[in-house]
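Written below as structure tokens is the structure these notes are about.
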Amino acid sequence: MDRLRRDQAYAARLAVLAADAERAEPAPAPDVSRAGDGELPDERLQLFFTCTHPALAAEDRTALTLRCLAGLTTPEVARAFLTPTATMAQRIVRAKKKIREARIPFRVPGPDELPERLPGVLQVVYSVFTEGYAASSGPRLQRLDLAEEAIRLARILHRLLPSERESAGLLALLLLVHARRDARTGPQGEPVLLEDQDRGRWDRPMIGEGRALVVRALTGGPAGPYGVQAAIAALHDEAADVAATDWPQIVALYDVLLTLTPSPVVALNRAVAVAMRDGPGAGLALLDALAGEPRLRAYPPYVVARGDLLGRLGRDGEAAAAYREALELAGTEPERAALRRKLGE
């Protein structure tokens, strides 16, 4: 029943987009049974590739696809881009207006167009998984249906375009992260930090599959951002515990990732890794250097990371203030419950 409802929702969103584009004649649908001929074997991926038209700005087409076809709400899409909800709503309206005014052809791209549009589709699948891995709102920390749908789509992309190393990198990343799903929450749905997780509950076959894909993603040319992120996830999954984790190598990989896709979130994650390698003081200095970054002001993981490092340094009053701020920003009840426990401590 859930699948039928989703299909109906996709059909409705497609109809809205088609009307906005003022498409006069529908393009013939491809024969999905001919995936071996380079045609897309999945209707959702057909729609994703259709919406990643190069005439639209990269962020606009990703936002449009996430909102209109991937089922994410405007606040959820805004969180993926670290932008205010109102700004994201304007961006989506602007993208739809451009489709209408420029009369961008709304059709499924041919096989020769797929590699050009692949980065946008990978970004969409990754964003869907991210919302499934850490929900931005609601009663649960994880939305496993979204995470598993993203993995399904990533598998199809890898089979469809096996020579594209970033499709292997994305699938590897999703598998290596999703392998920890059962250990990420406690009996009441509360979040369990990586250092406290029972690694015996991690999905070892999934980790093995992901590690094999990392090798494919990192060989044959310069590494891409998904391949580098997958390598970081593999180092976490290979370690017996947090203390045995190869933090120097993780920091080095984040250095590479910063050159490929510089962003405040990558800088935040690197700072946390530096704290594990060099101590909480070194990590806190890097976090404080990011304090002026507007995209992190309302980003709960940044505030929580500061609170954690302040607490490790014995600066309890400042740590409590950070956790109070994070409590105001948290979107799910499990996160709020965990932060209240932190404040109690």
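The values are calculated or read from the model by the stated rules, or taken from the named source; none is laboratory data. Just so we're clear, the structure is a prediction, and the values are computed from it rather than from any experiment. Methodologically, a virtual Cβ is constructed for each residue, glycine included, from the backbone with ideal geometry; neighbour enumeration extends over all protein chains shown. With ligands, DNA and RNA removed, areas are computed over all heavy atoms of the protein, side chains included. Shrake-Rupley method; radii C 1.70, N 1.55, O 1.52, S 1.80 Å.
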*Pick the calculated Rg/Rh (Cα atoms, Kirkwood Rh) for this structure from (1) 0.97; (2) 1.08; (3) 0.95?*
(1)
*Quick one: putting +1 on the C-beta of Lys and Arg, -1 on the C-beta of Asp and Glu, what dipole do you get for the chain around its Cα centre, in Debye to the nearest 20?*
680 debye
_Burial order of peptide ranges 43-50, 187-194, 203-210 (average beta-carbon count within 10 Å, highest first)_ = 43-50, 203-210, 187-194
*Helix-derived [θ] at 222 nm for the chain: sum -39500 (n - 2.57) over DSSP H runs of at least 4, divide by residue count, nearest 500?*
-21000 deg cm²/dmol
*What's the FRET efficiency of GLN249 with GLU113 using the Cβ-Cβ distance as r and R₀ = 45 Å, to the nearest 0.05?*
0.75
*If you take the square roots of the eigenvalues of the alpha-carbon gyration tensor of the stretch 120-172 and sort them as a ≥ b ≥ c, do you get rounded (a/c under 1.5), prolate (a/b over b/c) or oblate?*
prolate
*Rounded to the nearest whole Å², what accessible area per residue is found for the stretch 139-218 with the 1.4 Å probe?*
46 Å²
_Solvent-accessible area, 1.4 Å probe, carbon plus sulfur percent, for the chain_ = 54 percent
*Once a ≥ b ≥ c are taken as the square roots of the eigenvalues of the Cα gyration tensor of the stretch 157-307, is the result rounded (a/c under 1.5), prolate (a/b larger than b/c) or oblate (a/b not larger than b/c)?*
oblate
*Counting only protein chains, not ligands or nucleic acids, how are VAL125, VAL272 ordered by accessible area (probe 1.4 Å), most first?*
VAL272, VAL125
*asked:* If I take R0 = 30 Å and measure r between the Cβ atoms of GLU190 and GLU59 in this structure, what FRET efficiency does the formula 1/(1 + (r/R0)^6) give, to the nearest 0.05?
replied: 0.35
*asked:* Using only the heavy atoms of the protein chains and a 1.4 Å probe, how would TRP247, TRP202 rank by accessible area, largest first?
replied: TRP247, TRP202
*Note the full-extension length gain between THR87 and GLU318 as 0.36 nm times their separation in residues minus their Cα-Cα distance, in nm to one decimal.*
80.0 nm
*What is the distance, in nm, between label points placed 7 Å from the Cα along the Cα-to-Cβ direction at ARG152 and at ARG100?*
3.3 nm
